Amino acid sequence: MRVFLIIVLLVLFSGCISDQPEETQTDEETIMEQISISSAAFKPGSSLPVEHTCDGEDRSPALSWDTIPAGSQSIALIVDDPDAPGKTWVHWVIYNIPPDSIGLPDAVPKNKTLDSGSLQGKNDFGRIGYNGPCPPPGKPHRYFFKVYALDTTLSLKSGATKSQLEAAMSGHILAQGEIVGKYGR
């Protein structure tokens, strides 16, 4: 019995003692700061008003944000629908928004370049600017309004796609936030 107990103890202690160096984490864990984003047009998780959809005026809703971190050089926004059939459908791509901006107004013009210097990209409708929800009949879709604070002004020209914007933002995101609205027909 004594031999058995000694063997058990040796096995237990050998797991605690190793001749290999302790593993260290090679990737720094980054705690992403959060941006608070809201809309006067809809509450988080609620339905988007019809005027912000293809069934209405198809105009962008007003958005507000805060907690943009110091050192931000620009802001970007992507609006997409992960519930669309076949792929995530992009409704709006806008970037190089001035870092002191506290939001976007209702009905942002569908111009490549805005008066603020902000640039708009191409959505999955093949157009510049915002095009609202236009889902097929059935279960309501979710629309993610995602805002990013960046440590750089992007060198993209107007008309960039979501994937081009995401590639340009990679490694430059200081903070992010999102609000989700729904719409169904």
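The values are calculated or read from the model by the stated rules, or taken from the named source; none is laboratory data. Bear in mind that the values here come from a model prediction, so they are computed numbers and not experimental data. Here the Cβ positions follow ideal geometry from the backbone for every residue, glycine too, while neighbour counts run over all protein chains shown. Side chains are part of the model used for accessible areas, which takes the heavy atoms of the whole protein and leaves out ligands, DNA and RNA. Shrake-Rupley method; radii C 1.70, N 1.55, O 1.52, S 1.80 Å.
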List, in the order given, every pair from LYS146/LYS182; LYS87/LYS112; LYS43/LYS112; LYS87/LYS182; LYS157/LYS182; LYS43/LYS146 whose Cα-Cα distance in the structure shown is over 23 Å. LYS87/LYS112; LYS43/LYS112; LYS157/LYS182
Taking a ≥ b ≥ c as the square roots of the Cα gyration tensor eigenvalues, with a/c under 1.5 meaning rounded and otherwise prolate when a/b beats b/c, else oblate, which class fits segment 121-185? oblate
Given Cβ point charges of +1 (Lys, Arg) and -1 (Asp, Glu) and nothing else, what value in debye, to the nearest 20, does the dipole of segment 32-185 about its Cα centre take? 440
Per residue, how large is the accessible surface of segment 54-164? Use a 1.4 angstrom probe and give square angstrom. 44
Could you give P(r) for segment 48-135, binned at 5 Å from zero, as whole percent values over all Cα-Cα pairs? 3, 14, 24, 25, 18, 11, 5, 1, 0
